[in-house]
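Q: Just passing along the structure, written as structure tokens.
The values are calculated or read from the model by the stated rules, or taken from the named source; none is laboratory data. Computed from a predicted model, the values in this text were never measured in an experiment. As a convention, Cβ positions derive from the backbone with ideal geometry for all residues, glycine included, and neighbour counts pool all protein chains shown. We work out accessible area using only protein heavy atoms, side chains counted, and drop any ligands, DNA or RNA first. Shrake-Rupley method; radii C 1.70, N 1.55, O 1.52, S 1.80 Å.
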Amino acid sequence: MRKPFVAGNWKMNTTAASAECLAEALVQKIGHQEKVEVAVCPPFPYLFRVGAKLAGSRIALGAQNCHPDNRGAFTGEVSPMMLVDAGCKWVIVGHSERRHLLGEKDDFIHRKLVGALLANLHVILCVGETLDQRRSNQTEIVVETQLAGSLESISSDQLARVVIAYEPVWAIGTGQNATPDQAEKVHQFIRGWLDGQFGETCATTTRIVYGGSVNSGNAAGLLQQPNVDGALVGGASLNADEFAAIVNIAASVK
Ligand code: PEP
């Protein structure tokens with residue numbers, strides 16, 4: 001049985017004050033939700049403040065990115081060890097905004113994933129195709145290449161701390177979500193790939209969540225799919241009522 005997982009990616013939004021307010025509201029609305037594992041990923045400067053607000057609740061703290069190394073001359077970077085120090089359980093790696101806007105490639109994403117796992121973080125690994133790639137029937141090969149590149153040499157034990165987020169690039173921040181059927185097909189493909197690479201146990205226990213314009217109106221249809229184990233939520237996670245509604249939907253449909 002896979003426990004549903006819903007994470008909020010706040011991206012480069014909020015202020016110190018609004019991040020605290022949002023965290024406070026989430027603790028009040030869904031801080032005791034037991035049926036869904038919940039995490040929020042605020043911007044780096046607000047991790048400590050948000051972490052303090054989440055303390056004592058069931059909502060975990062996550063970060064949106066990390067560097068592969070734990071220390072050194074990497075101006076402007078934040079290490080996995082620092083994230084642990086700041087109270088993070090989770091970190092997102094391979095988000096499409098970093099792949100496409102900042103040029104991150106699978107080998108760098110793989111190094112980050114390894115660094116994060118070695119620091120005992122749990123990782124949300126994002127994969128997904130662009131609209132052109134989907135239109136030219138390359139979705140599976142793109143997703144497979146990203147998975148293979150990022151998860152190379154990862155052990156089954158380490159995979160237990162990874163959630164895979166299928167996030168079609170064309171659905172992120174566009175208001176155009178994948179249909180439940182489109183999402184389910186790719187999630188099935190990912191589970192099949194995990195089966196081939198890591199075996200049946202890993203394939204059946206690894207959570208694969210969907211991301212891309214999820215909101216309280218479309219969440220039920222997506223989450224009802226057997227291979228959709230939760231959601232990575234961007235825009236809608238900035239609204240406490242919306243995010244809480246998505247979490248509660250996950251609790252009721254899974
Ligand atoms: C995301 O950034 O991971 C995301 C899914 O964004 P949105 O929900 O806004 O499409």
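Q: Count, please, the residues in the range 83-111 that happen to be β-branched (Val, Ile, Thr), under 17 Å from Glu129 (Cα atoms) and part of a helix (DSSP H, G or I).
A: Adding up the residues that qualify gives 1.
Q: Looking only at residues in the range 136-181 that are acidic (Asp, Glu) and surrounded by fewer than 21 Cβ atoms within 10 Å (Cβ to Cβ), which one is farthest from Asp107 (Cα to Cα)?
A: Asp181
Q: On to the next question. Could you list all residues from the range 1-23 that are open to solvent by 10 Å² or more (accessible area, probe 1.4 Å), more than 24 Å from Ser252 (Cβ to Cβ) and not hydroxyl-bearing (Ser, Thr, Tyr)?
A: Passing the criteria: Lys11, Met12, Asn13, Ala16, Ala17, Glu20, Cys21.
Q: Give me the pairs, please: first residue somewhere in the range 221-238 and within 13 Å of the ligand (Cβ to nearest atom), second residue anywhere and at pLDDT 95 or above and of a type in the set (Gly, Ala, Ser), beta-carbon distance under 6 Å, and either six or more positions apart or on two chains.
A: Leu222/Ala183; Gly230/Ala250; Leu232/Ala7; Leu232/Ala165; Leu232/Gly211; Val233/Gly8; Ser237/Gly8
Q: Moving to a separate point now. Report yes if some residue within the range 151-160 is within 16 Å of the ligand (Cβ to nearest atom), among the small types (Gly, Ala, Ser) and modelled with pLDDT of 95 or more; otherwise report no.
A: no
Q: Counting only residues that are without any contact (Cβ under 8 Å) to a residue 40 or more places away in the chain and open to solvent by 40 Å² or more (accessible area, probe 1.4 Å), how many does the range 186-203 have?
A: 5
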